[in-house]
Amino acid sequence: MSTPTETAVAAARARTGRMTGAEAIIRSLEAEGVDICWGIPGGAILPLYDAFMACDHTVEHVLVRHEQGAGHMAQGYARATGRVGVCIATSGPGATNLVTPIADAFLDSTPMVAITGQVPTHLIGTDAFQEADITGIVMPIVKHSFLVQRAEEIPTAMRAAFHIASSGRPGPVLVDIPKDLQLTEFDFSYPDEVELPGYDTDWITGVDQAAVDAAADLIARARKPVLYVGGGVINAEATDELILLAEALQVPVTTTLLAKGAFPDSHPLSVQMPGMHGSKYANWTMHRSDLLITIGARFDDRVTGKLDAFAPGAKIIHFDIDPAEISKNRTADVSLIGHLNETLPALRDAVLANRNDERIRHQIDWLNEVQGWRRENPFRYRRDGSTLKPEYVMEAFDKALRGKDAIWVTGVGQHQMWAAQYLTIDGPRRWITSGGLGTMGFGVPAAIGAQQACPDAYVVNIDGDGCFQMTMQELATARCYDVPAIHAVINNGWLGMVRQWQELFHDERYSETDLFGTIPDFVKLAESYGCLALRAETEAEADAVIAEAIAARRPTVIDFRVDREEKVYPMVPAGAASHEMLDETWENEWVEDGV
Amino acid sequence: MGATNHHTLSALVENRPGVLSRVAGLFTRRGFNIDSLAVGPTERPDRSVITIRVDCTRHSVEQVVKQLYKLVDVIDVHEVLPESAIERELLLVKVQADAERRSEVMKLAELFDARVADVGQTSLLLECVEHPDRLAALEELLVPYGILEAIRTGRVAMTRSSAPEGESKTRLRVMG
Ligand SMILES: Cc1ncc(C[n+]2csc(CCOP(=O)(O)OP(=O)(O)O)c2C)c(N)n1
Ligand SMILES: [Mg+2]
């Protein structure tokens, strides 16, 4: 599968002719340069699927096993490439099965277009068979939606959908197309532009120099600045600009769960992830800082902990593309709306013009302080020789794929946090996780989509035994299309993250979280889907199966039987201040004083 | 984040199906209670104006304005400040008034520039377009006669031509 050339897209855009609405959808996809999409047919979308077979076209359709899978595959593709992911479902239950990925894409700002069939126009509003008001259902979780009213509107709706999904702050757009309109013939031509008077993104371009100067001024006066980096940097493709800025500033850089890879984990200035399961040194750096230089991040509660106690002495600079994020949770002292790949270089220039030896001295002290916290409080775990620790699996995978083009995808739970803590991600779009919505079941399909987007990459889905069971039917999709992503199930026999909360905050009442004994044999299960199936119960076995899986280049499932009781530390309890982290007891521990 | 106050927002929107749900839904979703809502056509058939009145803090109103701008069908939003705007509601009120008290009620109506829209055996139906505070005053005066039924439209508001640009409109350049 390869992305269409510019000439092919230009030819598709120039195409005209009489055709059905269904064919018009396909021609629109071609005009948008779509090479692949995911879905399942059904009554109200049948004409489109018929056209997929009847017409000559360049859009590959991937048949999935559950529409949720189609949505997450589109997300995996979108997040691995930055291009719009496309998923397709029929009306009613097909469309409602897309609700979770749509919400996920909304919270994680993923460009996605969902196309749904709708009952014929004359039946709308009659509680017809498989009728669901999907535009109404998704209203609070889409960037925009269209219920197409006439076949002639299909090209404009599609153009608008792709434009809205991919510009500004990206997000999901749904296009609902009644069946009769898919069958209606009309004269097709594809618009270059669609007039959207309420959607203006041109003004974001350019840099407000006054705001840049104000930010540079705050930086010049700060003694303990930190770059607080969010997923916006990845959407803006601004990693290079961020690295240059950070190196010019010589300040610590913390990257949120969504921003992992936006700044290299192995860069000496990186203090990794902040927040609930972030590093102590990232949280302490933020807490002690007198200036948060916030770049495409949104002060999410999983980052800030108790908002009133978050970075209490810090002034805030906030660069973003979405004005609604400014001063939403934390008031900004200086804010700048713009494309980060324009605004970050402008800030760097202003800072370099403003060099000041005293500031540099202070910042060296500050960096040394941060490095001290870091030396004394690394992410760490205890190996005991008898059980396989999940953290060990992360380290082993990390080592095995170091230097290779690897894409890491995760489920949601403890395994996700261990992956975030122990994997080294040094580039953007190489870490794909469900952050905002925290969707169990994201891993398997998102990994498949990412692998289809990047066939040569090594894609590893670090999944949980609970999560895996939510979308494991997509192994059939992986097998059918020969998608070699590795699904590494960190099998602790628990809904582990919930269990951890029950152990720590609910007096060890393990209400409905024990999966042990009811888990299928993942090896047999994977074999029945035609996948390579491996198991590891010790460190040595883990090393061996990881090597075997990486060499295999075919759909693979590994059942890692890990220590059932391992917990994710450090941890900020929900509602606590972010510097007050729970941890196991370690020798030589540096205890943070007086904050 | 500060005391709550009444705020009147005026949103210029595309006249499309679903736009009212999108706007109203945004308020509900973010925990706002809408005091009054009016939707109507404008001088252009493809545009409507939604006037919304909410009770919230200044911080919240700024946030909700930014969220409103993110709706693709919303073209422009501004807060209408009472001192520089004309605000009106329409009141329809049915008052108990037999032949004996009819003229008394009608005199009262006259004072408020209310019109008698319908006369019944024992009641009068008044209509009045006024500033909502004046309507409240009228209603209060009518209470002793016996109000049988009263209904008001949502508030609509328009900034005076004399208001200095920029003062009445907290215009925010915002996108989706
Ligand atoms: C769809 C969905 N349902 C419920 C939850 C709540 N939840 C968060 S983590 C978790 C447990 C995940 O279990 P598992 O996949 O085994 O991962 P582990 O924490 O054991 O590594 C649950 C139930 C969720 N995030 N998503
Ligand atoms: Mg588990």
>> With of a type in the set (A, V, I, L, M, F, W, C), farther than 22 Å from A:Leu147 by Cα and assigned by TED's automatic domain parsing to the domain that holds B:Tyr145 as the only criterion, which of B:Leu9, B:Leu91, B:Leu37 stands out?
In response: B:Leu91
> Of the residues in region A:521-546, how many are under 18 Å from A:Tyr422 (Cβ atoms) and open to solvent by 30 Å² or more (accessible area, probe 1.4 Å)?
Replying inline: 2
> Can you name the condition, by its number, that A:Asn354 falls short on among (1) within 14 Å of chain B (Cβ to nearest Cβ); (2) surrounded by fewer than 19 Cβ atoms within 10 Å (Cβ to Cβ)?
Replying inline: (1)
> Here is a list of conditions, (1) open to solvent by 30 Å² or more (accessible area, probe 1.4 Å); (2) within 14 Å of chain A (Cβ to nearest Cβ), and B:Ile147 meets all of them except one; can you say which number that is?
Replying inline: (2)
>> Please count how many residues of region A:460-469 are within 16 Å of ligand 2 (Cβ to nearest atom) and either in contact with a Ser or Thr (Cβ under 9 Å, 6 or more places away or on another chain) or outside any helix (DSSP H, G or I) (or both).
In response: 6
> Looking at region A:305-328, which of its residues are outside any loop (DSSP other than H, G, I, E, B), away from chain B (no Cβ under 11 Å) and open to solvent by less than 50 Å² (accessible area, probe 1.4 Å)?
Replying inline: A:Gly305, A:Ala309, A:Ile316, A:Ile317, A:His318, A:Phe319, A:Asp320
> Among the helices (runs of 4 or more DSSP H) confined wholly to region A:56-150, which include 2 or more residues that are among the β-branched types (Val, Ile, Thr), within 14 Å of chain B (Cβ to nearest Cβ) and in contact (Cβ under 8 Å) with a residue 12 or more places away in the chain?
Replying inline: A:134-137
>> I need the full set of residues from region B:78-118 which are touching a residue at least 24 places away in the same chain (Cβ under 8 Å) and among the β-branched types (Val, Ile, Thr), in order please.
In response: B:Val80, B:Ile86, B:Val93, B:Val95, B:Val105
>> Whether any residue in region A:380-391 is within 30 Å of A:Ser434 (Cβ to Cβ), among the hydroxyl-bearing types (Ser, Thr, Tyr) and open to solvent by less than 10 Å² (accessible area, probe 1.4 Å) is what I want to check.
In response: no
> Can you tell which of B:Arg22, B:Arg47, B:Arg29 is basic (Lys, Arg), closer than 24 Å to B:Ala163 by Cβ and not assigned by TED's automatic domain parsing to the domain that holds B:Ala136?
Replying inline: B:Arg47
> Restricting the search to region A:412-435, which residues are within 11 Å of the chain's Cα centre (by Cα) and either without any contact (Cβ under 8 Å) to a residue 12 or more places away in the chain or within 13 Å of ligand 1 (Cβ to nearest atom) (or both)?
Replying inline: A:Thr433, A:Ser434, A:Gly435
>> If I go through region A:91-111 residue by residue, how many of them are of a type outside the set (A, V, I, L, M, F, W, C), over 12 Å from the mean Cα position of the chain (by Cα) and closer than 19 Å to A:Ile164 by Cβ?
In response: 0
> Can you find a residue in region A:571-583 that is in contact with a strand residue (DSSP E or B) (Cβ under 6 Å, 6 or more places away or on another chain) and of a type outside the set (A, V, I, L, M, F, W, C)?
Replying inline: yes
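Looking at region A:336-346, can you tell me whether even one residue there is within 32 Å of the chain's Cα centre (by Cα), assigned to a loop (DSSP other than H, G, I, E, B) and either buried (at least 19 other Cβ atoms within 10 Å of the Cβ) or not assigned by TED's automatic domain parsing to the domain that holds A:Ile316 (or both)?
Yes, there is a match, as at least one residue in region A:336-346 is within 32 Å of the chain's Cα centre (by Cα), assigned to a loop (DSSP other than H, G, I, E, B) and either buried (at least 19 other Cβ atoms within 10 Å of the Cβ) or not assigned by TED's automatic domain parsing to the domain that holds A:Ile316 (or both).
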>> Against the definition (open to solvent by less than 10 Å² (accessible area, probe 1.4 Å), more than 16 Å from ligand 2 (Cβ to nearest atom) and either touching a Pro at 6+ places or on another chain (Cβ under 7 Å) or at pLDDT 95 or above (or both)), how does A:Ala457 come out, yes or no?
In response: yes
>> Taking the conditions exactly as written (touching a strand residue (DSSP E or B) at 6+ places or on another chain (Cβ under 6 Å), away from chain B (no Cβ under 14 Å), within 16 Å of ligand 1 (Cβ to nearest atom) and under 17 Å from A:Tyr392 (Cα atoms)), does A:Asp563 satisfy them or not?
In response: no
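Okay, residues lined up against (1) closer than 20 Å to A:Arg83 by Cα; (2) of a type in the set (Asp, Glu); (3) open to solvent by 20 Å² or more (accessible area, probe 1.4 Å); (4) away from chain B (no Cβ under 14 Å):
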| site | (1), (2), (3), (4) |
| --- | --- |
| A:Pro197 | no, no, yes, no |
| A:Ala210 | no, no, yes, yes |
| A:Val233 | yes, no, no, yes |
| A:Ala238 | yes, no, no, yes |
| A:Glu241 | no, yes, yes, yes |
| A:Ala246 | no, no, no, yes |
>> On the basis of being within 11 Å of another protein chain (Cβ to nearest Cβ), among the aromatic types (Phe, Trp, Tyr) and crowded, with 21+ Cβ neighbours inside 10 Å, does A:Phe162 make the cut?
In response: no
> Can we say A:Thr331 is among the hydroxyl-bearing types (Ser, Thr, Tyr) and open to solvent by less than 20 Å² (accessible area, probe 1.4 Å)?
Replying inline: no
>> For region B:117-133, give me each residue that is surrounded by 15 or more Cβ atoms within 10 Å (Cβ to Cβ) and farther than 12 Å from B:Leu90 by Cβ.
In response: B:Ser123, B:Leu124, B:Leu125
>> Being touching a residue at least 12 places away in the same chain (Cβ under 8 Å) and surrounded by fewer than 24 Cβ atoms within 10 Å (Cβ to Cβ) narrows it down to one residue among A:Thr5, A:Thr20; which is it?
In response: A:Thr20
> Within the set of pairs 6 or more residues apart or between chains, which connect a residue that is at positive phi and more than 11 Å from ligand 1 (Cβ to nearest atom) inside region A:499-520 to a residue that is not basic (Lys, Arg) and not in a helix (DSSP H, G or I) with Cβ atoms less than 9 Å apart?
Replying inline: A:Gly517/A:Gly493
>> Checking the condition open to solvent by 20 Å² or more (accessible area, probe 1.4 Å) and either out of contact with any strand residue (DSSP E or B) (no Cβ under 7 Å at 6 or more places or on another chain) or within 13 Å of ligand 2 (Cβ to nearest atom) (or both), which residue from A:Pro428, A:Pro445 passes?
In response: A:Pro428
> Looking only at region B:1-19, which residues are within 14 Å of chain A (Cβ to nearest Cβ) and part of a strand (DSSP E or B)?
Replying inline: B:Ala11, B:Leu12, B:Val13, B:Glu14
> How do the helices (runs of 4 or more DSSP H) wholly within region A:153-269 filter down when requiring 2 or more residues that are under 30 Å from A:Val119 (Cα atoms) and touching a residue at least 24 places away in the same chain (Cβ under 8 Å): which remain?
Replying inline: A:154-166, A:179-183
> Tally time: how many residues in region B:1-14 are modelled with pLDDT of 95 or more and over 13 Å from the mean Cα position of the chain (by Cα)?
Replying inline: 3
> Of the numbered conditions (1) over 21 Å from the mean Cα position of the chain (by Cα); (2) of a type outside the set (Asp, Glu); (3) within 12 Å of chain A (Cβ to nearest Cβ); (4) assigned to a helix (DSSP H, G or I), B:Val105 satisfies every one except a single condition; which is it?
Replying inline: (3)
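The values are calculated or read from the model by the stated rules, or taken from the named source; none is laboratory data. Computed from a predicted structure; not experimentally measured. Neighbour counts are summed over all protein chains in view; Cβ atoms, including those assigned to glycine, are modelled from backbone coordinates with ideal geometry. Heavy atoms of the whole protein, side chains included, go into the accessibility calculation; ligands, DNA and RNA do not. Shrake-Rupley method; radii C 1.70, N 1.55, O 1.52, S 1.80 Å.
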